[in-house]
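Undergrad: One structure, pasted below without further comment.
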Amino acid sequence: MLLGNSETHLHWHLFPRRAGDIGTYGNHGKGPVWWLPMDQMYDDSNRPDEPTLAELKTKLKKEL
């Protein structure tokens, strides 16, 4: 079993990144996204609008 799941599987959580996206948190602004305070990480200002989200999905599908 993997992490207590009943079926063995592998999955990812994809976090699109950009330079400076966690500000000065972490190791001088470098590190995993979860080092950013949750209230900032989940703020609506971090959500892409519908056209941008559609573009990101298209780019991701092309790469996969």
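The values are calculated or read from the model by the stated rules, or taken from the named source; none is laboratory data. Because the structure is a prediction, the values reported are computed rather than measured. Methodologically, a virtual Cβ is constructed for each residue, glycine included, from the backbone with ideal geometry; neighbour enumeration extends over all protein chains shown. Side chains included, ligands, DNA and RNA excluded: accessible areas come from the protein's heavy atoms. Shrake-Rupley method; radii C 1.70, N 1.55, O 1.52, S 1.80 Å.
Undergrad: For the subset of the stretch 12-22 comprising residues that are under 23 Å from Lys57 (Cβ atoms) and open to solvent by less than 100 Å² (accessible area, probe 1.4 Å), which member is modelled with the lowest pLDDT?
TA: Filtering the stretch 12-22 for residues that are under 23 Å from Lys57 (Cβ atoms) and open to solvent by less than 100 Å² (accessible area, probe 1.4 Å), the one modelled with the lowest pLDDT comes out as Phe15.
Undergrad: Hey, can you tell me all the residues within the stretch 23-55 that are in a helix (DSSP H, G or I), at pLDDT below 90 and open to solvent by 60 Å² or more (accessible area, probe 1.4 Å)?
TA: Trp34, Trp35, Met38, Gln40, Ser45, Asn46
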